[in-house]
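Accompanying notes for the structure given below.
The values are calculated or read from the model by the stated rules, or taken from the named source; none is laboratory data. Here the structure is a predicted model, which is why all the values come from computation and not from measurement. As a convention, Cβ positions derive from the backbone with ideal geometry for all residues, glycine included, and neighbour counts pool all protein chains shown. The area values use the complete protein model at the heavy-atom level, side chains included, leaving out ligands, DNA and RNA. Shrake-Rupley method; radii C 1.70, N 1.55, O 1.52, S 1.80 Å.
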Amino acid sequence: MANTAPAPALSDAGSPGSMGDVRRSNLALVLGRVAQSPSGSHLTRAQIAASTGLTKASVSSIVLDLLETGILREIGLNPQGERGRPGVGLELNPARGVIGMEINVDYIAAGVTDLSGAVVVQEIRERDNRGSESAPVLAALAALAVEVRTAALDKGVEVLGGGLAVPGLVDAGSATVLAAPNLGWLDVELDLDRLLPGLPLGVTLFNEANAAALAELARGPAGRHDFLYVSGEVGVGGGLVIRSELFTGPEGHAGEVGHVVVDPGGSRCSCGGTGCLETVAGQDAIFSAAGIAGKGKSRSESMSALVAALAEDQPGALRAVERAGTSLGVAVASTARVLNIGAVVLGGHFAVLERWLRPSLAASLARYAPGKVFPEHITIAAVEEGGALLGAAGSVVRSLVEAPHRLQS
């Protein structure tokens, strides 16, 4: 079954069908109407009552609660659809926001968005996390998160909660990284409270590629409902969107396209398998095959060196990227056939290298899955950097809209 994978809400007290349940449901209903209204359209209490079937008195009481929590604010007068005197418009309060964070193999990142998804502040810091214990990595991220939260507060935005994306299989309920081979983490329980203590909504754990796919769904072209998002970093991740919902599978681990076998006689993978896509199309694999490994002092410098080599038509660099594109096509072809997906979104270094990667990727797809994924349906991600943290933040906002009572004392 498809799963939008929102941040899990806190457990509710009270029995099903109680007055508390009805109140909580109506809070979510009213907030959802405001959150889903078109940009610039400020619904009034009367308009919300008309569209939900709730009484005007009930809507007024619910709106008062939402105003007191700070989720909504009143704005101007809205004459649309009103008889007589215009009503006061409502919108998500831009002075409230959420923080998205990411730990990857060679960087950490944090960014704050307001409740409408607008980016307030965002920072990405290169840091070698490979083989590090979780505690120092979390400490570095916590310091960055404090900086970003302070910068947001200076701009008038208070952070309510957060999401953390990591490149591996996760159990959000226990805040455990089940397996992140490129970090060297196995069954690592993270103390998320230490990132930003005291957040009303806390911090929720996400898979990096799934979070980035959600960001692409929210921020990409309208009308795109089904696609495979492929995240290119040191590792290769994948997020599946089907009928505008993130498909995570029975245990939440679907989409591991980086560990689809593309070369049975190939190299050993960090996951323990052999010949995975990651061993050919991962960042380190491409750098090594292109002969530029170690020439750059950082991830960005290494990527710049690779792009420069490609621009100069250096044979080694061209062969490395061509092979990566061909292997990516093999993995995507298998995924497309199994799940009937017809569109691919390239993120991370796949987006950066798209100009040189596309020919071999398209040829590979045409050979191994003819008629499934056409070249015009291979696109680069709408979010250039920070897609995972923005997706994590957006999922926290969705969970708040679905359960706004979590902010009530």
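Using a probe of 1.4 Å on the protein chains alone, the accessible area found for PHE374 is around 100 Å².
Keeping all protein chains in place and using 1.4 angstrom, which order do GLU133, GLU216 fall into by accessible surface area, from largest down? Write out the running numbers ahead of the final one.
Working: GLU133 135, GLU216 5 Å².
Listed by decreasing accessible area, they come as GLU133, GLU216.
Only protein heavy atoms count here; on that basis, with a 1.4 Å probe, LEU318 has an accessible area of about 60 Å².
One chain, two ends: THR150 and VAL88. Fully extended at 0.36 nm per residue, the span grows by 19.1 nm beyond their Cα-Cα distance.
What angle do you read, to the nearest 10 degrees and between 0 and 90, between the alpha-carbon axis of helix 315-339 and the longest principal axis of the chain? On a 0 to 90 degree scale, this one is about 50. In this simple spin-label approximation, LEU67 and HIS253 carry label points 7 Å from Cα along the Cα→Cβ vector, and these lie 5.0 nm apart. Rounded to the nearest 10 degrees, the angle from helix 56-69 to the longest Cα principal axis of the chain is 60 degrees.
Just by accessible area at a 1.4 angstrom probe, what is the order of GLU385, GLU251, GLU123 from largest to smallest?
These residues rank, largest area first, as GLU251, GLU385, GLU123.
For LEU217, LEU66, the ranking by accessible surface with the largest value first comes to LEU217, LEU66, using a 1.4 Å probe. Placing unit charges on each Cβ (+1 for Lys and Arg, -1 for Asp and Glu) gives the stretch 304-409 a dipole about its Cα centre, and among LEU353, GLY371, GLY325 the Cα reaching farthest toward its positive end belongs to GLY371. Taking amide H positions as modeled 1.01 Å from N, with prolines and chain starts lacking one, the residues under 5 Å from ILE380 and 5 or more places away or on another chain are LEU346. Counted over the chain, the DSSP beta bridges are approximately 65% antiparallel.
3J(HN,Hα) along the stretch 130-142, derived from phi through the Karplus expression 6.51 cos²θ - 1.76 cosθ + 1.60 where θ = phi - 60°, amounts to 5, x, 7, 5, 5, 4, x, 5, 5, 5, 5, 5, 4 Hz, with x in place of Gly and Pro. A Förster distance of 35 Å, applied to the separation of the beta-carbon atoms of GLU126 and GLN36, puts the FRET efficiency at 0.40.
Assuming R0 = 30 Å, can you tell me the calculated FRET efficiency for the pair GLU354 and ARG194, based on Cβ-Cβ distance, to the nearest 0.05?
Values: r = 38 Å, r/R0 = 1.27.
It comes to 0.20.
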